[in-house]
Amino acid sequence: MTDTETSSPGPADPVYVTEALIAEDIDAYLDQHQHKTMLRFITCGSVDDGKSTLIGRMLYDSKMIFEDQLDALTADSKKVGTQGQEIDFALLVDGLAAEREQGITIDVAYRFFNTEKRKFIVADCPGHEQYTRNMVTGASTADLAVILIDARKGVLVQTRRHSYLCHLIGVTNLVLAVNKMDLVDYSQEVFDQIVADYTAFAKSIGIESFTAMPISGFKGDNVTSLSANTPWYKGADYAGVSLIEHLESVEVNSARDAAKPFRLPVQWVNRPNLDFRGFSGLIATGSVKPGDPVRVLPSGKTSTVTRIVTLDGDLDEAVAGQSVTVCFADEIDCSRGSVIATADNPPQTADQFEATIVWMDDAPLHVGRAYWLKLGTQMVSASVQQPKYAVNVNTMEHVAVKTLELNAIGVAQLATDKPVTFEPYAENRSLGGFILIDKMTNSTVGAGMLHFSLRRSQNVHWQATDITRADHASLKNQTPRVLWFTGLSGSGKSTIANAVEKRLNLMNRHTFLLDGDNVRHGLNKDLGFTEADRIENIRRVGEVAKLMTDAGLIVLTAFISPFKADRELVRAMLPQGEFVEIFVDTPLEVAEARDVKGLYKKARSGALKNFTGIDSPYEQPTDPEIRVNTVEMTADEAAEYIIRKLMPLK
Amino acid sequence: MANTLTHLERLEAESIHIIREVVAEAEKPVMLYSVGKDSAVMLHLARKAFYPSPPPFPLLHVDTTWKFKAMYELRDRMAKESGMDLLVYQNPEAKEKGINPFDHGALHTDMWKTEGLKQALDKYGFDAAFGGARRDEEKSRAKERIFSFRTASHGWDPKNQRPELWNLYNARKAKGESIRVFPISNWTELDVWQYIQLNAIPIVPLYFAAKRPTVERDGMLLMVDDDRFPLKPGEVPVERSIRFRTLGCYPLTGAVESEAKTLPEVIQETLLTTTSERQGRAIDKDAGGAGMEVKKQQGYF
C-alpha cells in the first residue's frame, strides 16, 4: 500500500459539502441544511499534539476555506510555516497576531463547519497550564471533547489534566484521538499501549467511557473515512469509525435536557400594556404546553400556562433550548431571577452550598469576601469559605489550601445573601453552574458547579415573629440606622462616634456604639489581622449591627474597615437607606503624627504586620453619605456636622 | 415538535437569550444597524425576543453619507416597521473636512466609521451596543467573546477578555466602560442566508443581481450609485448584471457579476464561490495580516 492510495480525503469527499447537490438542486440542499442538528465540541491538546492542524484539516475538507484565504495560507506556510513547503493548516486556525508570532494558541477560538448531517462548532482550546480557565470556558458549552495525544509521546500530564477538566465540567462524550499515527508507522501496538494507559487513568478519575481512534490530522487518516493504513482498526476490539462519522452520530446535550423536568429561568417580564404579562427566558430543561400546571420559585406560588407566545404565532409545545415567552392564568409574583418549573417536581431553594470552584483571576479568592454570584438569571451576593481542598490537576491529589489562586480548582462551601433556586450541576448545567464576579473590578473571577445544599440551610428556617422591626422602631420613635465610621487608625473614628452618640443620647435617641477594639475583646477575639480575618471581623460586626437595627436601635460602629467590598457587604445586609457610611478623612501623615496608641511606630519598625496604611491598603470610600475632614474640624465640630446631616432621624 | 432542535432553531434561541440578557442587565443598550444582511437578521431576532413589545432600545446607524441609496431606503422602512427609534449619526468633523472615500482612502473609514461610532456612543451614553459580527467572518473575530468588554476609550484588549462560561454573561462594568455584544457570533454566512429565506426578512435589493451602472477599477467592480462618483477621463459606466455579497460605502464595495436573482440562487452562488465574503472590502487589507485585529483594538466594531 503506498501513500497515494491511502485516505487523504479531498474537498469532494461525500460526507462534507455535497457540491453536486448544491449545483443541481439548491432547494434540496437547503432543505437538507435546514434540518441539520448542531454539535458543539472542544479539542484539547498541548502545543505539539497537532490540534490546530486537525481543525485546519476539518475546515479545509469541508470547504470552509476560500481560495483567497488559501492563497494567503500557502504564502504564509512558506514564510512562517513549520511544515516545509506543504500547507500548514495550523496557520489557518491560529488567529491573533501575538500568537502567530509565538506559534501558540492563547485563547479559545470558535470555528464552524458542516457535514451532510450536522453543523459543528469547534472550540479550539489551548493546552498550556496557565490557560486552564480557557479550557473550562470552552468545555462549558461542549457536547463532546476530542482529547489529542501525540502517538510518539503517549499519555502525558497534559492529557490527564485535559481529561480531568472535561470530566469536571460534565462532558460525557470523550474521544481519545491518538494523533500523528503516520509517524509511528500506524502501529497497532503503539495505539493499544496508549489506550491501555489511558483506560487505567480514566477509571481512576471516574470517566465511565470514551472512544479511542488512531488518526493523522496531517495526512487525514481516519478523519473523514476509515484509512487503509490502519486495517486493524476495523477489528471488533475497536470503535472502527472515523472521527467525523462519530461526531455526526453522538447524542447532543439538548436532546438529553428535553427529557428532564421543566425549568424556565425568567430573564425578562414582557409587559407592553395592561392586558399582557409574559415571562421570557430560555427553557433549560424539559418541555411545556398550554394547560401545564407550573410552580414559580422561590415564591412557590402555582398557576397554569395559558399561552406560549412567539412572533410567528402561539406554540402548542416548547422544549429545552428554545427561547420563549409564557403567560399564566393567574397574576402571581414572578420576575427576573424566578424559575418557572413543573408544579409537582420543582427544584430546591437554599442559601448554603458545597461547590467545586475554578479560579480564573490573577488576584486569589478572598475567603469570606462578598462576590456577585450569577446562576441562570439570578444574581446574588455570595461568600466562599476556606476551601476543603484543592485538586492538583496533574496528579489529581487533594491538597490542603487556604485560598484558590489563578487556575486552581477547589471544593468549598459558600453562602448567599438570598435563597437561590438551584439543582445539582450533574443534573442540570443551567441551574447548577455559576460564575463569580468581583464587586470592585467587575471581572469574572471564578466559575463553579453546585453539588448540593448544606443540611444547615435546609433545616434552619427563618422564624417569623409577630413583633416586627417596624414595631420596635416605632416604639422608640426613631428610624434605625447604622452609622458606619471608617478611616485610618488614629483618624478619630472612636472619638467622633462617641461624641455623636452623646448628642443622640441627649436627644432621647436609643443608640449603641460598637467599637473595633472592644469587639475584638469578646465576639471576635478568635480573629487575627490577616486579610481573611479582617473580612470576617467586619462581616460579624455587620450581622450584629443588623440585629440591633432590627431591635430599632441607631447603631454606631467605629472600625477601620479598610476594604470597600466589605463595607458594601454590610450595606447590602440592610434595608435601603439605613446604612450611613461616614468617612473620617484624615491623611496618613496626620494620623501617623498623632499615633495615639503608638501603633504606627510599631508598624514602621516591622513589629506589627498587616497594618492599614503601612503594609496593608486602605480603600477610600468613593461616595460616602457623610465625609468629615479632621484636619479642618475638631471632633466636636465633626460630631455636630454629622448630627445636622442625619436629622430628622424619624 | 421534535425533541432535537435543528441548528438554526438553537442559534435563534441562543441569540434571543443574549439580546434579552443585555436588556435585563444594561442601563442603556442600543443596536448598531448597518442595514446589511447580518443587521437584518439581528433586528429580526430582537423583534422576536420582545414580541409583542417592540424591542426596548433604539437603532443606531453610524452614517458615512456614502452608503448606497437603496440602503437608506430600507433603513427608514425597517425602523418604521419595527416601531423602534432610529438614531442617525454623522461625524461632524468628517463632514466639515469633506472626508470621502475617493480622496482619503483609509482615513475615510477611520473618521466616519471608527471615530463616528465612538462619538455616537459617547454622545448618547450607551453602555451596551449590539453588533452583527460573526465569528466565521475573520480570524480575530473567531476569538472575540459574545460580550466584548471595552474600556472608557473604547479599546479592546484581546488578552484580557472575560471568560464566558455556559450561557452566563457578565455585563457588569464601571461608569464610562461599555460592552459590545454580538448576538449572532455563532452564525455562519450560510445560516444567515437561510434564516433570511425561512423568515422572509426584508434585505437590500442590491444583494440580488440586476443590471446596474458600473466601472472597473483596480480589479474591483464599483457601482456608480449617484453623481458624486468622479469618473476618470474616458471612463464610461457600463451596465452589468451584478450583485453585492457585502454592503458598505458604495465607492469601497466591490460587486460581483452575477445572474442570481432569487435567494436560493444567491445562496447557491455563495456556496459554490471560492472567495471569502469580506474580500470585496478594502478595509481588511490594511496593515497586513493583522488588519482587523488592529482596527478592533482601536475601537472599530
Original post:
Mind checking which residues of the stretch B:102-150 are assigned to a loop (DSSP other than H, G, I, E, B), under 30 Å from B:Met220 (Cβ atoms) and not small (Gly, Ala, Ser)?
Top reply: B:Arg134, B:Arg135, B:Asp136, B:Glu137, B:Glu138, B:Lys139, B:Glu144
Original post:
Mind checking which residues of the stretch B:156-195 are more than 17 Å from A:Val445 (Cα to Cα), out of contact with any Lys or Arg (no Cβ under 9 Å at 6 or more places or on another chain) and of a type in the set (Gly, Ala, Ser)?
Top reply: B:Gly176
Subject >> Residue that is of a type in the set (A, V, I, L, M) and within 8 Å of chain A (Cβ to nearest Cβ), where the choices are B:Ala174, B:Ala210, B:Ala200 >> reply: B:Ala174
Original post:
What helices (runs of 4 or more DSSP H) lie completely within the stretch B:1-84 and have 2 or more residues being among the basic types (Lys, Arg) and free of Cβ contacts under 8 Å to residues at least 40 places away in the same chain?
Top reply: B:7-25, B:37-50
Original post:
Tally time: how many residues in the stretch A:133-165 are within 24 Å of the chain's Cα centre (by Cα), part of a helix (DSSP H, G or I) and away from chain B (no Cβ under 14 Å)?
Top reply: 7
**OP:** Within the stretch B:214-239, track down each residue that is touching a Lys or Arg at 6+ places or on another chain (Cβ under 8 Å) and over 17 Å from B:Leu252 (Cβ atoms).
**Re:** B:Glu239
**OP:** Could you check B:Ser153 against (1) surrounded by fewer than 20 Cβ atoms within 10 Å (Cβ to Cβ); (2) of a type in the set (S, T, N, Q); (3) assigned to a loop (DSSP other than H, G, I, E, B); (4) within 12 Å of chain A (Cβ to nearest Cβ) and say which number it fails?
**Re:** (4)
**OP:** Return the only residue of B:Gly98, B:Gly105, B:Gly83 being within 14 Å of another protein chain (Cβ to nearest Cβ), more than 16 Å from the chain's Cα centre (by Cα) and not polar (S, T, N, Q).
**Re:** B:Gly83
Original post:
Can you tell me which residues in the stretch A:479-494 are crowded, with 21+ Cβ neighbours inside 10 Å and part of a loop (DSSP other than H, G, I, E, B)?
Top reply: A:Pro480, A:Gly487, A:Leu488, A:Ser489, A:Gly490, A:Ser491, A:Gly492
Subject >> Residues located in the stretch A:583-627, provided they are part of a loop (DSSP other than H, G, I, E, B), among the small types (Gly, Ala, Ser) and surrounded by 13 or more Cβ atoms within 10 Å (Cβ to Cβ) >> reply: A:Gly613
Subject >> The listed residue being more than 30 Å from A:Val309 (Cα to Cα) and of a type in the set (Gly, Ala, Ser), out of A:Ser227, A:Ser254, A:Ser299, A:Ser287 >> reply: A:Ser227
**OP:** Please specify each residue of the stretch A:239-264 satisfying the condition of being in contact with a Pro (Cβ under 9 Å, 6 or more places away or on another chain) and either surrounded by fewer than 19 Cβ atoms within 10 Å (Cβ to Cβ) or of a type in the set (Phe, Trp, Tyr) (or both).
**Re:** A:Pro261
Subject >> Flag if A:Glu637 is out of contact with any strand residue (DSSP E or B) (no Cβ under 7 Å at 6 or more places or on another chain), surrounded by fewer than 16 Cβ atoms within 10 Å (Cβ to Cβ) and at pLDDT 85 or above >> reply: yes
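The values are calculated or read from the model by the stated rules, or taken from the named source; none is laboratory data. These numbers come from a predicted model, not from an experiment. A quick note on method: Cβ atoms are made from the backbone with ideal geometry, for glycine too, and the neighbour counts reach across all protein chains shown.
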